[in-house]
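None of the figures in this text is laboratory data; all of them are computed from the coordinates on show. Everything numeric in this text was worked out from a predicted model, so none of it was measured. Cβ placement follows ideal geometry from the backbone for every residue including glycine, while neighbour counts extend to all protein chains displayed.
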Amino acid sequence: MFILYVDESGVEELNVPPPHFVLLGLMIPAAEWKALDSAIETVKARYGLAGVEIHSAWMARRFSEQEKVSGFDGLDRRSRLAAFQSEVQQRSGVLGVRGNKKKIKAFRREVRETSRYAHLTRDERLHCLLDLGAELARWDSIRIFADAISKADFQAGSRTPYEMAFEQVLTRYQTFLSHVSDTGIVVHDNNTTVAPRLHDLSRKFHEEGTFYREIPNIVETPLFVDSRLTAMIQMADLCSFALRRTLERGESEIWDLVEPRVDEFRGKNVGVRHYTGSRPCSCRICVAHGRR
């Protein structure tokens with residue numbers, strides 16, 4: 001039995017940034033889940049993040065509150081957190097006087113997301129992400145399946161980018177399962193916006209197959225879980241973030257580590273697709289995929 005943990009990076013809306021929408025599945029053998037989960041938590045604990053959700057995009061950001069503190073990197077972790085909270089309070093007071101409701105809401109979310117990492121410098125946060133990627137790379141049994149959609153090349157129609165990417169990931173997962181003659185389930189981040197669509201789409205795929213093939217080796221419709229409680233969803237988030245940053249910014253340090261885990265067949269990358277419609281593309285993903 002295999003488990004495919006699925007998460008996205010970017011948003012599927014076509015007219016808003018970032019330029020790519022990435023849906024990625026990180027597959028592990030069920031028998032290795034406990035060992036891998038323990039290994040991931042060990043890495044997190046080294047950075048004071050045991051039991052804390054890893055949200056890669058937030059961890060990779062610059063925190064303005066940290067950058068305002070002189071000598072922040074030289075402080076111990078407790079002092080860094082106190083200095084961060086002091087800057088947050090000052091900024092909150094300014095927003096309370098001058099900010100509108102939209103700015104205040106965005107600020108509150110930012111504080112909620114960044115506070116859990118505020119004891120780490122940006123370099124430490126980036127090293128944490130790299131260490132997690134290196135841990136994933138050590139496990140030969142892991143496979144990655146993903147679809148990265150260039151939204152500028154996507155033609156709006158009956159399907160959304162999310163639905164097209166989901167079909168691609170499921171089809172590639174099924175192909176792997178058929179090769180090893182085993183079964184698998186899908187565990188997806190609990191995105192309340194898309195969960196009903198993906199449930200209905202999965203039902204259709206079970207009854208009729210995807211556009212490319214039937215999916216007899218995939219059991220049930222996706223199980224939707226809270227990413228805060230599931231380290232493997234967080235690792236799918238890490239890989240999807242790494243793939244998107246590689247395509248958009250050429251920042252490939254994390255993807256360089258995990259790319260060997262992309263599913264291959266007869267020496268060809270069959271696990272990841274970079275969709276650009278009819279536009280030619282010679283990026284590393286397209287070259288590895290064998291696209292001309």
Seminar exercise, completed: By residue number, the members of segment 247-291 that are among the basic types (K, R) and surrounded by 16 or more Cβ atoms within 10 Å (Cβ to Cβ) are R261, R273, R284
Problem set entry | Output for segment 198-218, where each listed residue is within 23 Å of the chain's Cα centre (by Cα) and aliphatic (A, V, I, L, M) | L198, L201, I218
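Let's see how each residue does on (1) more than 20 Å from I28 (Cβ to Cβ); (2) in contact with a Cys (Cβ under 8 Å, 6 or more places away or on another chain):
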{"position": "D140", "(1), (2)": "no, no"}
{"position": "R143", "(1), (2)": "no, no"}
{"position": "A146", "(1), (2)": "no, yes"}
{"position": "G157", "(1), (2)": "yes, no"}
{"position": "A165", "(1), (2)": "yes, no"}
{"position": "L170", "(1), (2)": "no, no"}
{"position": "L177", "(1), (2)": "no, no"}
{"position": "V187", "(1), (2)": "no, no"}
{"position": "R203", "(1), (2)": "yes, no"}
Exercise. Can you tell me how many residues in segment 5-35 are aliphatic (A, V, I, L, M) and in contact with a Pro (Cβ under 9 Å, 6 or more places away or on another chain)?
Worked result: 4
